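Heads up: the structure comes next, in structure tokens.
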Amino acid sequence: MDYHEAKELQERWGDQACDHPSFTDKYLFGSKTGDFVCEQCGQFFTQRQKAQRARSKESPRLDKLLEQNAVIKDRLAVLNKHKAELTQISTSSTSIDPYIQQQENLIKFADQLIQEMGVG
Ligand SMILES: [Zn+2]
């Protein structure tokens, strides 16, 4: 698919989610660029990104784990950004106690995984 065609497709597709069901070669001025285009949404992928997608399709649990990690990181950033508000709710109620407990478990599990991988 030509670069400009892909750009048009991207605009038509907009912000909708896409599971990128199929890829085609990306062309610029009539020649292959070595990159790929999602035939549904027009998004560009490098060879490496395409291979990574194939790998994560083979191990959906790993994909899920990494996705959750990203979400957690995002939420923690919000919590850290609003420490003042967090201080308020932590003194006025016990609502963060179970959260602390869960985090302790999470840290424990992460430590276990790191040990198993032998990278810690
Ligand atoms: Zn797509």
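Values in this text are rule-based calculations from the coordinates and carry no lab data. For clarity, every value in this text was computed on a predicted model and none was experimentally measured. Reconstructed Cβ throughout: ideal geometry from the backbone, glycine too, with neighbour counts over all protein chains shown.
Give the long-range amide H neighbours of Q43: residues separated by 5 or more places, or on another chain, with amide H under 5 Å away, using H modelled in the peptide plane at 1.01 Å from N.
Long-range HN contacts for Q43: C38.
Looking at the chain, what % of the alpha carbon pairs are farther apart than 18 Å?
69
Sequence gap of 8 or more, or different chains, plus Cα separation below 27 Å: how many lysine pairs satisfy both in the chain?
19
Got a sec to turn the phi values of region 106-117 into Karplus ³J(HN,Hα) couplings, 6.51 cos²θ - 1.76 cosθ + 1.60 with θ = phi - 60°, whole Hz, x for Gly and Pro?
Coupling constants for region 106-117: 4, 4, 4, 5, 5, 4, 4, 4, 4, 4, 4, 6 Hz.
So what's the back-of-envelope 222 nm ellipticity for the chain, counting only DSSP H runs of four-plus at -39500 (n - 2.57) apiece and dividing by all residues, rounded to 500?
Dividing the helical sum by the residues of the chain leaves -21000 deg cm²/dmol.
What net charge do the residues around E67 carry, taking every other residue with its C-beta under 15 Å from that of E67, with Lys and Arg at +1 and Asp and Glu at -1?
The answer is +4.
Scan around I96 for amide H atoms under 5 Å from its own, H built in the peptide plane at 1.01 Å from N, and keep only partners 5 or more places away or cross-chain.
Placed amide hydrogens put nothing under 5 Å from I96.
Once Rh for region 59-117 is found with the Kirkwood sum over Cα pairs, what is the Stokes-Einstein diffusion coefficient at 10 °C and 1.306 mPa s, in µm²/s?
For these conditions, the coefficient is 119 µm²/s.
Taking the Cβ-Cβ separation of A51 and T91 as r and a Förster radius of 41 Å, what is the calculated FRET efficiency to the nearest 0.05?
0.25
Evaluate Rg over Rh across region 3-54, taking Cα atoms for both radii and Kirkwood's formula for Rh. Walk me through the numbers before you get to the answer.
Numbers: Rg = 10.6 Å, Rh = 11.1 Å.
Ratio of gyration radius to Kirkwood radius: 0.95.
Note down the nm distance, to one decimal, between modelled labels 7 Å out along Cα→Cβ at F29 and at I114.
Going from the F29 label point to the I114 one covers 4.9 nm.
Of all beta bridges DSSP finds with both residues in the chain, what is the antiparallel percent, to the nearest 5? Don't skip to the end; give the middle numbers.
On the way: 7 of 8 bridges.
Antiparallel: roughly 90 percent of the beta bridges in the chain.
Through the Karplus equation 6.51 cos²θ - 1.76 cosθ + 1.60, θ set to phi - 60°, convert the phi angles of region 43-60 into ³J(HN,Hα) values in whole Hz; use x for Gly and Pro.
Computed from phi, the couplings for region 43-60 are 5, 8, 9, 7, 3, 5, 5, 5, 5, 4, 4, 4, 5, 6, 5, 6, 10, x Hz.
Calculate the spin-label point distance for S22 paired with Q103, positioning each point 7 Å from the Cα along the beta-carbon direction, and give it in nanometres.
That separation, rounded to one decimal, is 4.8 nm.
Search the structure for amide H atoms under 5 Å from the amide H of K26, placed 1.01 Å from N in the peptide plane, and list their residues when 5 or more places away or on another chain.
T33, G34, D35, F36, V37
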